[in-house]
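The values are calculated or read from the model by the stated rules, or taken from the named source; none is laboratory data. Since we're looking at a predicted model, the values are computed, not measured. When we count neighbours, we look across all protein chains shown, and the Cβ atoms used for this are built from the backbone with ideal geometry, even at glycine.
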Amino acid sequence: MRAPHTIPSLRLAAAALILILLSGCQSAGTDGIVVSDAPPEISGPAASAIAGDMVSRLAEQIGPGKATVALKPDDSPFGQALEAALKGWGYAVVTDQKTDDKQKVIPLVYVIMPFEGQVLARLSTSDVELGRAYSVTANGATPASALSLLKRG
């Protein structure tokens, strides 16, 4: 007999799988960074909590502050929170896509989307992809799933 909490876990796992599969449709190459997407209705505190958590996990994978991150400009609360979190971890952030050829540049793409009362967040670079579900309130957000990690190459 299955425990009653496994059904939501299965839905969450299915959602994470969908996100990973859909991520193959986007390119994060340095020549053509795709448009990132975050709904504007996510509150500033929730956006900051999600961005802070996701950037700390990204830093575990690529090293804190060791590169310049190329990010498409975005006026959404999450886009602004992500840029602030990256800078807080010591990354240089470029939004105009122009960099010195000698710099190591990591193109970063994100997607934030509502799903069954939660928010799914994904950060993608050419080498790593992170995904996680969050429970969101007006005062913040808390992780609602384990971190999904995909390493390429």
- Which one of the conditions (1) surrounded by 17 or more Cβ atoms within 10 Å (Cβ to Cβ); (2) under 13 Å from the mean Cα position of the chain (by Cα); (3) closer than 21 Å to Arg152 by Cβ does Ser56 fail to meet, given that it meets all the rest? (1)
- Message: Can you list residue pairs whose Cβ atoms sit under 9 Å apart, with the first residue in region 78-91 being within 15 Å of Ile112 (Cβ to Cβ) and the second being in a helix (DSSP H, G or I) and of a type in the set (Asp, Glu)? Count only pairs 6 or more apart in sequence or on different chains.
- Response: Ala85/Asp53
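Can we say Pro77 is surrounded by fewer than 17 Cβ atoms within 10 Å (Cβ to Cβ) and within 14 Å of the chain's Cα centre (by Cα)?
On the way: surrounded by fewer than 17 Cβ atoms within 10 Å (Cβ to Cβ): no; within 14 Å of the chain's Cα centre (by Cα): yes.
Criteria not met by Pro77.
What helices (runs of 4 or more DSSP H) completely inside region 1-98 contain at least 3 residues that are touching a strand residue (DSSP E or B) at 6+ places or on another chain (Cβ under 7 Å) and modelled with pLDDT of 70 or more? Let's see the steps before the verdict.
Working: elements: 6-23, 44-62, 77-88.
So the answer is 44-62, 77-88.
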- Message: What are the pairs with Cβ atoms under 8 angstrom where one residue, in region 55-69, is without any contact (Cβ under 8 Å) to a residue 40 or more places away in the chain and the other, located anywhere, is loosely packed, with under 13 Cβ neighbours inside 10 Å? Sequence gap at least six, or different chains.
- Response: Pro64/Gly90; Gly65/Gly90; Lys66/Lys104; Ala67/Gln103; Ala67/Lys104; Thr68/Gln103; Thr68/Lys104
- Item | Matching residues, region 99-113, being at pLDDT 90 or above and more than 19 Å from Glu83 (Cβ to Cβ) | Met113
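Residue by residue through region 106-143, note down the ones that are free of Cβ contacts under 8 Å to residues at least 24 places away in the same chain and either assigned to a strand (DSSP E or B) or buried (at least 22 other Cβ atoms within 10 Å of the Cβ) (or both). Break it down stepwise before answering.
Residues of region 106-143 that are free of Cβ contacts under 8 Å to residues at least 24 places away in the same chain, as a first pass: 117, 135.
Ser135, the sole residue that qualifies.
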